[in-house]
Structure formats: structure tokens, C-alpha cells
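The values are calculated or read from the model by the stated rules, or taken from the named source; none is laboratory data. In this text the structure is predicted, and so the values were computed from the model without any measurement. Cβ atoms come from the backbone with ideal geometry, glycine included; neighbour counts cover every protein chain shown. These accessible areas exclude ligands, DNA and RNA; they are computed on the full protein's heavy atoms, side chains included. Shrake-Rupley method; radii C 1.70, N 1.55, O 1.52, S 1.80 Å.
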2 protein chains.
Amino acid sequence: MKQKRATAIAPANIAFIKYWGVRDTTRTLPYNGSISMNLDACLTTTTVTFDENLTRDEITLTFYQQAPHLATGVARERVVVHLERLRALAGTDCYAKVISSNNFPSDAGIASSAAGFAALTRAGVAALGLELDERQLSLLARRSGSGSACRSIPSGYVEWYLPSTEFDLVQWDQASYAKSIAQPEHWDLTDVVAVVDTNAKKIGSAENHRLATSSPYFATRLAEIPDRLAAVREAIVQRDFTKLGQAMEADAVSMHAVCMTSHPPSFYWNGGTMNIIHAVRSWRSEGLEAYFTIDAGPNVHVICETADSEVVAQQLRQLPGVEFTIANMVGKGTRLEEPTTPDVE
Amino acid sequence: MKQKRATAIAPANIAFIKYWGVRDTTRTLPYNGSISMNLDACLTTTTVTFDENLTRDEITLTFYQQAPHLATGVARERVVVHLERLRALAGTDCYAKVISSNNFPSDAGIASSAAGFAALTRAGVAALGLELDERQLSLLARRSGSGSACRSIPSGYVEWYLPSTEFDLVQWDQASYAKSIAQPEHWDLTDVVAVVDTNAKKIGSAENHRLATSSPYFATRLAEIPDRLAAVREAIVQRDFTKLGQAMEADAVSMHAVCMTSHPPSFYWNGGTMNIIHAVRSWRSEGLEAYFTIDAGPNVHVICETADSEVVAQQLRQLPGVEFTIANMVGKGTRLEEPTTPDVE
């Protein structure tokens, strides 16, 4: 029996400049560049085993503190489609067993699909013995459909590039990947995730990205982004927390302004979200420098210098509506957990 | 002793299409037209007495359930400046005693300055024996600085016009007034005001209007408004509640998107505000048709057909963060309470 196996660990990431709106769905090409930091405490571990004895792909997911379950429906389908990409690259038709688990609550509003598809990509490529560099891994993770998975591949502070050429599917497909701006040890920031609602209704992310362009404000958001990307890039290089925070907060608000003015609109914030927005702004006026960012959900990521993270977390937990917090320092990118096994009989 | 006295009653109003951003501060000329309904239960009563024995203007304000107090500082200054306008029109330099009281909580987030300056204008004009028609009264109320006061002059559903000419101060000053679209009895709607925070920090409205243009989204908002004004106008004429509600809600969200993206940004919503936004949207999906609108504060105006207003008010009061509600049907415009007194010795 021939098996090829590898295990990868991938971090979730939080975007300072958001990916919002997909320009080409098939290749997951965005309308704008984005910048994120990897989260060192929110990880997905995935083992992929290609096995000639299998008659179909078997995908087992283990959510935080839950029993493993076989993926079905759309969740299964997305993984199978990505396995097909890997098989096509390797020229094989061997089915795979995928075992994937998260070490963070799946209801924490931390996008788990980015970590999941980054880990799947890295483990699958290693198991198949493909020789891909970081750029190629990032491109491949992007094509999974969870675009921001490409940002979980490189280490630390990461930018997902938008090609500077006119839109051309083939050129963009090759040029839209993510790369480190700085390693984790360059700057000691912490993302304190404040979870305000573990029962939020979810809107699928494909639907989100389709709706973005229906907002009359979307074009204005796109026009603003190059300046904000430049500010965030500079802020990271210069370790200028105020510059980072201002650009980051403005970008999150602009993304949500687009959501709230889409057709139909999406209101991701809830009462707890607003309490945190006001608290963070008020703390700043009192000298505790922290900034919020919010993805497509009600939970709030409060970014601060690590020296302030315990105070921030304590204060967040005292706000009405906050259920718990998860502190993340800046994390490494996706890596293999153990050497790829050689072919085993 | 020569006295000239008159008393006027003016309604507050709630805008379906918001006035947001002032094009000319001196004359209070807006960037966009707006449409509102008068609130029949939120009234200001103002008595103006021009008295030759006075050596300065005396302004006494009585807030809801509070003792009367003499206005000082900016509050006094705004009234005095408007009295100067009236005196200039009448060719007199006689000082006035102004006694004004609200029958609604001043902390309810219902703009009291619109009702206040509409009542001051109507009473002052009557006391001075000036012959002004509704259009002239509306123009004069607008110039008070509280622009939306011009919408409290005519009755029922009211539009504040934006001249269709290129911007010309003198032309616009004469053409930017408010006029009824329909009388109160035309359509039986109710505004249930849900008060979520009686301690909100206030940002002055002059500051608000100045900040509006600092949002990169302001131009997009302006471009959207003519279609929304047309929709609301038609909806009122046709009594089409769905059409009214959709345009009204989109306009409120667009105004707040502008606020949140201004430099610096303003976040008027709080936890209770978000709870109401989600509740109203959820009630609609269950068949209870109501729509929200929000001025520059956290309280929410929930507009419904009057047949549904008790249910809406009861459900609002059960939401976390809602302190109390005030129901308003569509109100008449500003009127004199009693005949103007003749000159009295």
C-alpha cells in the first residue's frame, strides 16, 4: 500500500487592510491589495495522506473542543476541489485522507478558512513531493477560494499584492500572491480578539465578496486603498503604531460602510461591537493606545503593543457584551510539522 | 410701556432624507434637499415679547420637567442673533423677552433646535406685526442656523428644496425653503422614538455639518440623493410604505457612513442603537413592517403605519438598552397659539 503523507500548521491572520470584493471568482483575484499579521495563537493543523487504496477523498475536521466529524456538503466540496488542483499539479489521481483541527474556537469570528486552506495547501504539496517556493505556495493557497489563505503562508506581517498592470486574468493569476513585509520579531504587537457573539448568523464569504461591488461607496473605498496600503507598509517598517492604527481603523470602517450600503446591506456589528468601538476610542483619549479592526462579523480585534495587551484584555472583558478574549502575538507563516514521510509500503 | 407679544407652537421633525453638510454657513444653505415629517407630540412653545423697557434680550428656556433658566453663552447668542434678523426686518431696535419650553425630553435625541427656531421665528414675526407668507417664514427659520427649522414651518410631510440652479448665494438664499408635500391626514404614519442613551456626549451641529465634507464618501452620498428624494416624494404621494422605508433607511445609513468616515470620524450609534437596527430588520422579515432612521445621536426613530405603532413600541421597550419610547403621529406645522396682542399701554 502506497501512502504519501505530510502535516502542516498554519496561522489565522487578521487584516489591517481588508480584502473585500472579488474581481475574478474562479481564480480568487481581489479588487485591492491587503496587509495582515499572522496570529500566533490561532492555528490549524492539517495532515494530508494520499493513499492509493482510497476510493474517494475523506475529510475529517475537528473543531475546537469538539469531536472529529466527516466533512460533507459545501465544506467537503471546497476541500475536494482544492485537492483536485494539487493532484493536477502532481499528475496523480490518488485520493487523499485529510485530517484537520483548529486550536481556536470556530465561533470566535477568526476566519478559520484562511488557516485551513493554507495548511491544506502546504501539507498537500509536501505529501505529493512537489517543489514549490513560497510565492508558488501562496498563489496556490489563494486559488483555494479562500483568498486570504495566501496571506497565511509567509511569516509575520504580510502583504497580498495586487498586480500593477491592467486587469489581465493570466498575468494577475501569476502575480497576485503574498509576501512578508517583516518577520514577527521585527515588531511586538498583539491582537486581542474580543468575542461578543458566539451565535452570530453567518453570511457566506462568497456572497460577501459578490455584494461588495453593489455598494455605491465601493469605488471610493478602492480609490482610498493605495494610500492606506502605503501608510500601513511604512508604519510596519518604521514601527509607527499611531500611523498603523489610524490607517487600519479607517480601513475597517470603510469596509463596513461598504457592507452597510450594499444591496442588500449587511450589518455585522452588534451592541457589543459598538461598546468596544467606543471604549477603544475612549481609552486612546486617556492615553492607552489601541485600535480596532473588524472582519465580516461582530467580534472586534483590538491591536495594541504587546506591553499593553494584558490591560487591554482585562478592560475588554469588563465591557457589556464581551464573552471572552483571545490574545495573539505576531505569528510565523505556514510550516510543516514533521518531515514528509517517504513512500511507505 | 409698549409691548408687542405673540406665542407660537412648533413641532420637531424627523428627516426621511437627511440634511447633512452645509454649503454656506452664513445663510444655512445645504448641499442637498431633504424631506421630513413633523412630530405631533414633540412641541416647543415660545412667547416673544418686544418691550421698549428692556435693556437687553432676556431668554428663558424651560426644558422638559425642569425649572426655567436664563439662557447664557452660545445658546443665548444664537437666539439673540436671530432676534437681530427679525428686528432688522421690522426696522426696530426694541429688545425682547423670549420664554420657550419643550414638552419633550431634551435628552431624547429629538432635535429641539428645529422646533425652537421655528417657534421663535413664527412668534417673533407675529409680535413685530410683519406680514410674511409660509415661504418667507420658512426662509427666515432656515437662516436661524438651525437649517431644519425651515421644515418645521409647513404642515405634515415637508420638503426642503435645493434650488436647481448653479450655486449662487443670493438665488439660493431666496429659493431654499420648505413646503408641504402632503398634510398629516393624507397618510397615517407614526414615528416611535426609542431612546437608548440619555447621557450621550453631544457633538455640536455646526461641527457636524463642517465635518461632513471631510468624508471621501460625501460626494457619493450627494450623487445618490436626487433618486432617494424622488422615491420618498412618490412614496408619500402614493402612500407606498415599502418604498418610503427602503429609501429612508438607506439614507440614514448613508449619512452615518459619511459620519464614520469623516476626519475625525463620528460614531453616533451605541450598543442599544445596533440592537434596534437588527431588531427592526428582523421584525420586517417576520412581517412587521417598520423602518429605522437615526439622526446625529444614538436614539432610533422607528417609522411604521400607525396601526402597528403600539406593537412596535412594546417590542422596542423589550430590547436591551432601550430606556423609553415616544410615539409621534404626523403633526401640523408651526402655528400661533393665540391671537397676537395689540399694542398694550
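Based on DSSP H runs of at least 4 residues, each adding -39500 (n - 2.57), what is the mean residue ellipticity at 222 nm of the protein assembly as shown after dividing by all its residues, to the nearest 500 deg cm²/dmol?
Value at 222 nm, helices only: -11500 deg cm²/dmol.
Give the angle, between 0 and 90 degrees and rounded to the nearest 10, that separates the Cα long axis of helix A:241-260 from the longest principal axis of the Cα atoms of chain A.
80 degrees
Tally up the carbon and sulfur contribution to the accessible surface of region B:3-329 as a whole percent, 1.4 Å probe, everything protein left in place.
Numbers: 6130 of 12520 Å².
Carbon with sulfur: 49 percent of the solvent-accessible area.
Tell me the distances, shortest first, between A:THR60 and the same position across the other copies, using label points 7 Å along Cα→Cβ, in nm to one decimal.
8.4
If one takes the accessible area of chain B alone plus chain A alone and subtracts that of the pair, with a 1.4 Å probe, what total in Å², rounded to the nearest 100, results? Could you put the intermediate results ahead of the total?
On the way: alone 14780 and 14780 Å², together 27640 Å².
Chain pair B/A: roughly 1900 Å² of buried accessible area.
Given axes a ≥ b ≥ c from the Cα gyration tensor, I'd like to know whether region A:1-116 is rounded (a/c under 1.5), prolate (a/b larger than b/c) or oblate. Present the calculation step by step, with values, prior to reporting the outcome.
Working: a/c = 2.09, a/b = 1.37, b/c = 1.53.
Because a/c hits 1.5 or more and a/b fails to exceed b/c, region A:1-116 counts as oblate.
Can you count the Lys pairs in chain A with C-alpha separation below 29 Å, eight or more apart or on different chains?
15
Looking only at chain B, where both bridge partners belong to it, what percent of the DSSP beta bridges are antiparallel (to the nearest 5)? Please report the intermediate quantities before stating the final value.
Details: 52 of 57 bridges.
Percent antiparallel among DSSP bridges in chain B is about 90.
Mind listing the label-point distances from B:GLU286 to the same position on all other copies, shortest first, one decimal in nm, points 7 Å along Cα→Cβ?
Spelled out, the distances from B:GLU286's label point are 3.7 nm.
Pairs of Cα atoms under 8 Å, at least six residues apart: use those to get the relative contact order of region B:128-256, whole percent.
Details: 110 pairs, mean separation 22.7, N = 129.
Relative contact order, region B:128-256: 18 percent.
Most mobile of A:VAL253, A:VAL79, A:VAL98 per a Gaussian network model of chain A (Cα springs, under 10 Å)?
Highest fluctuation among the options: A:VAL253.
Measuring from centroid to centroid over Cα atoms, what is the spacing of region A:225-247 and region A:266-322 in Å?
After rounding, the separation between the Cα centres reads 20 Å.
Alpha carbon centre of region A:46-61 versus region B:160-189: separation in Å?
Cα centres, region A:46-61 to region B:160-189: 69 Å.
Please compute the average number of Cβ atoms from other chains found within 10 Å of each residue's Cβ in peptide B:244-257. Don't jump to the answer; show the numbers that get you there.
Numbers: counts 0, 0, 1, 0, 0, 1, 5, 0, 0, 5, 5, 0, 3, 10.
Partner Cβ neighbours, averaged per residue: 2.
Given the options B:MET329, B:MET255, B:MET274, which has the most mean-square fluctuation in a GNM of chain B, springs set between C-alpha atoms less than 10 angstrom apart?
Result for chain B, Cα springs under 10 Å: B:MET274 fluctuates most.
Helix B:112-127 sits at what angle to the longest principal axis of chain B, using alpha carbons and giving 0 to 90 degrees rounded to 10?
On a 0 to 90 degree scale, this one is about 30.
For A:GLU131 and B:PHE267, what does the FRET efficiency come to when R0 = 56 Å and r is the distance between their Cβ atoms, rounded to the nearest 0.05? Mind showing how you got there, number by number?
Details: r = 50 Å, r/R0 = 0.90.
The value I calculate is 0.65.
Anyone know which of A:ASP24, A:ASP308, A:ASP168 comes out most mobile in the 10 Å Cα GNM of chain A?
Highest fluctuation of the listed residues: A:ASP168.
Run through region A:211-297 and list the GluC sites (Glu not before Pro) located in a DSSP loop whose Cβ has at most 13 other Cβ atoms within 10 Å. Show your work: numbers first, answer last.
Values: sites: A:GLU224, A:GLU234, A:GLU249, A:GLU286, A:GLU289; in loops: A:GLU286, A:GLU289.
When the GluC sites (Glu not before Pro) of region A:211-297 are filtered for loop state and at most 13 Cβ neighbours within 10 Å, A:GLU286 remain.
List the residues whose amide H sits under 5 Å from the amide H of A:THR60, counting only those 5 or more places along or on another chain, with H placed 1.01 Å from N in the peptide plane.
Those lying under 5 Å, H to H, from A:THR60 are A:ALA71, A:VAL98, A:ILE99, A:SER100.
When Lys and Arg each count +1 and Asp and Glu each count -1, what net charge do the other residues less than 13 Å away from B:ALA115, Cβ to Cβ, add up to? Spell out each step's value before the answer.
Numbers: positive: B:ARG122, B:ARG151, B:LYS332, B:ARG335; negative: B:ASP40.
Counting the neighbours of B:ALA115, the net charge comes to +3.
For B:GLN183, project a label point 7 Å along Cα to C-beta. Then give me every residue of region B:137-157 with its amide nitrogen under 18 Å of that point.
From region B:137-157, the list is B:153-157.
Can you give the mean number of other chain Cβ atoms that lie within 10 Å of the Cβ atoms in peptide A:270-283? Write down the numbers at each step before the final one.
On the way: counts 5, 14, 3, 3, 12, 5, 1, 7, 6, 0, 0, 3, 1, 0.
For this peptide, the per-residue mean of nearby foreign Cβ atoms is 4.
Using only alpha carbon pairs under 8 Å that are at least six residues apart, calculate the relative contact order of chain A and give it in whole percent. Intermediate results must be reported in sequence, preceding the final value.
On the way: 784 pairs, mean separation 90.2, N = 345.
Computed over chain A, the figure is 26 percent.
Set the Förster distance to 41 Å, then compute FRET efficiency between A:PHE324 and A:ARG56 from the Cβ-Cβ distance, nearest 0.05.
Values: r = 38 Å, r/R0 = 0.94.
For A:PHE324 and A:ARG56, the calculated efficiency is 0.60.
Tell me, what is the per residue accessible area of region B:3-329 in Å², probe radius 1.4 Å?
On the way: 12520 Å² over 327 residues.
Solvent-accessible surface per residue comes out at 38 Å².
Would you please give the FRET efficiency between A:ALA230 and B:GLN171, computed as 1/(1 + (r/R0)^6) with r the Cβ-Cβ distance and R0 = 51 Å, to the nearest 0.05?
E(calc), rounded to 0.05, equals 0.70.
Suppose every Lys and Arg Cβ carries +1 and every Asp and Glu Cβ carries -1, with no other charges. What dipole size does chain B come out with about its Cα centre, to the nearest 20 debye? Kindly include the intermediate steps, with their values, before the conclusion.
Values: 31 positive and 39 negative charges, 126 e Å.
Here chain B has a charge dipole of around 600 debye.
Quick check: the angle from helix B:271-285's long axis to the longest principal axis of chain B, C-alpha only, nearest 10 degrees?
The angle comes out near 60 degrees.
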